[in-house]
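Everything on this sheet refers to the single structure shown next.
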């Protein structure tokens, strides 16, 4: 009876003994796997760049030694600091920015006479129409800037410019479909709800 009981236990442990669990890679091996493969051409290019830089520095030092008025500055990297821009909406109280947009985007005849009142549930408020006109104008300005940039890209690479044009056209179609919805949703929430909103 004991022999019959030990036999299944031994058979169950044999695969475990035959196949040891895979060893976890060392940290050095894990880092090495993430590094790019060695490329002799890249290595030669890096060595050539380093040699050219060393020769240029030696020539600059020799020129500085020959001319006492010549000053050689060390290598510097200047990083441009991004200036934070405050959104125009955040300067207004809640709903006040929409009123400002109504004055800016809609004519006096439109807002005071033609569309002075809005029919509830079926009409579109002046604020929503003004926000829609504002977003459409901003979108047109953005598309114009991107078209000018595309003309510059086309001078370098026509294929890249064609892909860029297709991406802009798709984005323009998406914006045209969502401009009205975003204008109505913003106006329905009572305006921009900026930082100074109450």
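The values are calculated or read from the model by the stated rules, or taken from the named source; none is laboratory data. In this text, all values refer to a predicted model and were calculated from it rather than measured experimentally. Heads up, the Cβs are rebuilt from the backbone with ideal geometry, glycines too, and the neighbour counts pull from every protein chain shown.
A few comments on the model shown:
- Criterion: in a helix (DSSP H, G or I), in contact with a helix residue (DSSP H, G or I) (Cβ under 9 Å, 6 or more places away or on another chain) and at pLDDT 80 or above - qualifying residue of 57, 129: 129
- Restricting 81, 103, 94 to residues that are part of a helix (DSSP H, G or I), within 37 Å of the chain's Cα centre (by Cα) and over 30 Å from residue 169 (Cβ atoms) narrows the list to 103.
- Residue that is nearest to the chain's Cα centre (by Cα), among those in segment 112-161 that are surrounded by 15 or more Cβ atoms within 10 Å (Cβ to Cβ) and more than 30 Å from residue 95 (Cβ to Cβ): 146
- Test: residue 37 is more than 30 Å from residue 124 (Cα to Cα), part of a loop (DSSP other than H, G, I, E, B) and at pLDDT 80 or above: yes
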